[in-house]
1. Scan B:Thr98, B:Thr127 and give me the residue that is under 30 Å from A:Val239 (Cβ atoms), among the β-branched types (Val, Ile, Thr) and part of a helix (DSSP H, G or I).
2. Would you tally the residues in the stretch B:143-163 being more than 7 Å from chain A (Cβ to nearest Cβ), of a type outside the set (Phe, Trp, Tyr) and buried (at least 23 other Cβ atoms within 10 Å of the Cβ)?
3. Out of the stretch B:133-142, which residues are part of a helix (DSSP H, G or I) and either at the interface with chain A (Cβ under 7 Å from one of its Cβ atoms) or not hydroxyl-bearing (Ser, Thr, Tyr) (or both)?
4. Can you tell me how many residues within the stretch A:97-117 are more than 9 Å from every other protein chain (Cβ to nearest Cβ) and either in contact with an Asp or Glu (Cβ under 6 Å, 6 or more places away or on another chain) or outside any helix (DSSP H, G or I) (or both)?
5. Residue by residue through the stretch B:78-92, note down the ones that are of a type in the set (S, T, N, Q) and free of Cβ contacts under 8 Å to residues at least 60 places away in the same chain.
6. Between A:Asn65, A:Asn19, which is modelled with pLDDT under 80, farther than 29 Å from B:Phe198 by Cα and within 28 Å of the chain's Cα centre (by Cα)?
7. Which helices (runs of 4 or more DSSP H) sit wholly inside the stretch A:178-238 and have at least 2 residues that are over 30 Å from A:Thr68 (Cβ atoms) and out of contact with any strand residue (DSSP E or B) (no Cβ under 7 Å at 6 or more places or on another chain)?
8. Is it the case that B:Leu303 is under 24 Å from B:Arg89 (Cβ atoms), hydrophobic (A, V, I, L, M, F, W, C) and assigned by TED's automatic domain parsing to the domain that holds B:Tyr153?
Amino acid sequence: MASTHSVRAARPRSTGVANLAVRTPYYVLTGALAIIFLFPLFWAAIRSVSPQAGTAQVHGWGLGNYDTLTHYQAGIWQYVLNSFIVSGLTVVFTLAVSLLGGYAFARFAFPGKNVLFMLTLAILMVPYATLLIPLYVLLDRIGLQNSLLGLSLVLTLFQLPFATFMMRISFESVPKELEEAALVDGCGTLKALVRVLVHAVRPGLVTVGLFAFLAAWNDFITPLVLISDSTKLPLPVAVANLRAQVMGVIDYGATEAGVVVLALPCIVLFILLQRQYVRGFMSGALKG
Amino acid sequence: MSVQSPTTHSASPSPPGTVSVLKPRRHGLSRRRRAAGWAYAAPTAAFVVVFFVLPLLLVTQMSVSDWGLFNGDQGLNAPHNFTAAVDQRLFWPAVRFTIEYTVVTTVILIGCALGLALVVQESTRWTGLLRTAILVPSALGLASASLLFYALYSPDSGPFGQVMQDLGISNGPVSFLGTPGHALWSTVALIVWRYAGFYMLLLLVALQGISADVYEAAEIDGAGRWKRFRHITLPLIRPSLALCTILCVTGSLLAFDQFYILTKGGPDNSTLTIVQLVYNAAFQGRNDLGLAAALSITVLAALLVLNIGQFRWLRGKEN
């Protein structure tokens, strides 16, 4: 992004009234674009608290639809908690595994290194469905079926290709001298990692953590297949199930409120960490 | 590893000032580093073996076995699952629809993303805001976005029906998901909304890698806007366009969430995708994990062939 400034600055620019006449349609058109992309989000937020027939909020504005959510089966808080547990565990596992793995791939030579790295990237090539069918059986055998821990282990696996790749290039961009200085100072490789290197790769860790959180929070088909106990469902599946609650009649108000609860943490995180989000793409685009 | 475990981490390297001591120990040091490397890679290896390699072996075994959802492994029955998978009434319609959906989505989505990237490529405060607005939907999950559009498209709750009636475009409630054609295009609109920012960003990186000098030289040579785009921009961003296409094709071929939530494969199974077929074989009605495994192995094989083809084609173009 650093090189983006002044790409067009060298060109002559028309000024004054002519400029305004040329630029106005541009602002109108691009403004319309922005509205198209933002409209559904604002619509859902407003609709979830506005009066609507067939919902819990028939007269006047209010939080009736959110009230419906708190009374739906195990209650929305249980599902929010499930989602936070799954996302939290996935983030922790992904960070731990990819921090150590990235260090190993970037800084050590060991037999089988390339095979293991290619195998990790190959996870990307295999459709979720192809893995979920046997994982359903496998997790049952090791007693992790229908558990939030099992779900987050599988979600961690899906994150590993990106996370390992990202952490490998993060470690590779740290000057070798930094590690060598720590080793000369009497640190073992583990101490060098914990005391020195982990700070140098922190931006990579933030990006990996953000992507892991968003992916785990939003994943749909994995819990749909692996979790059958309705009190252990994460939020997306719970909200999708809620639509079909009342026979034939869909409570759109509750659905819209559910979408708001689902989307809010993602949008807040995205706005706060937009730079890290964009960096994740750049590394993929440049090296991919 | 256990052979030298007591010394792996605890043995401190020579104190500063005695560097020469390192030399004779070099062999031992590199062996120790090898072991350390393996130790750091061990968690990755454990994950990959337990949750990736083993499941791949298991799904292969399942695909040639009579394997029910509730009664488990009932022994080999090859190649029954594969013939049963292809003989399903809905197999070829699903293949057809998945390919149709993939082509339509890829063309429209990449086209929109390229257009958007061209619009926001200048770096001003305004385009910065635009980029953020276009990117926000990509923070949502596909399932959340599908639920949102499900409400948006509903004749009861959605805003479009009334507007279109008021404008005289339609004289009844508009059905966005009621006919096969409408359902396809409504889903494509959802996907464009959710993913346009993602692909725009990938293309933007490529656009900004093109030096302004190239454009200026072309301008001096009298090349118009379209010619500059056609003969400079497009060829220079082709690697990124290719990457976007591969990602979009793969993602669309494996479409599930959006159809599961928006249409459930309807109306009349007209929007059933391959992955939905896999899911239905395993968990809805048929409860046949062997059949689902055979189907998903077929999908995996098709995807591998396609991706190898795409990479070959890309490499050929580069040379």
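The values are calculated or read from the model by the stated rules, or taken from the named source; none is laboratory data. Computed from a predicted structure; not experimentally measured. All Cβ positions, even for glycine, are placed from backbone atoms using ideal geometry, and neighbour counts span all protein chains on display.
1. Numbers: B:Thr127 fails: under 30 Å from A:Val239 (Cβ atoms).
Exactly one of B:Thr98, B:Thr127 is under 30 Å from A:Val239 (Cβ atoms), among the β-branched types (Val, Ile, Thr) and part of a helix (DSSP H, G or I), namely B:Thr98.
2. 2
3. B:Ala133, B:Ile134, B:Leu135, B:Val136, B:Pro137, B:Ala139, B:Leu142
4. The total comes to 1.
5. In the first step, residues of the stretch B:78-92 are kept if they are of a type in the set (S, T, N, Q); the result is B:81, B:83, B:88.
Within the stretch B:78-92, B:Thr83 is the sole residue that qualifies.
6. Working: A:Asn19 fails: within 28 Å of the chain's Cα centre (by Cα).
Criteria check complete, one pass: A:Asn65.
7. Details: elements: A:189-192, A:202-218, A:221-226.
Output list reads A:189-192, A:202-218.
8. On the way: under 24 Å from B:Arg89 (Cβ atoms): yes; hydrophobic (A, V, I, L, M, F, W, C): yes; assigned by TED's automatic domain parsing to the domain that holds B:Tyr153: no.
No, not satisfied.
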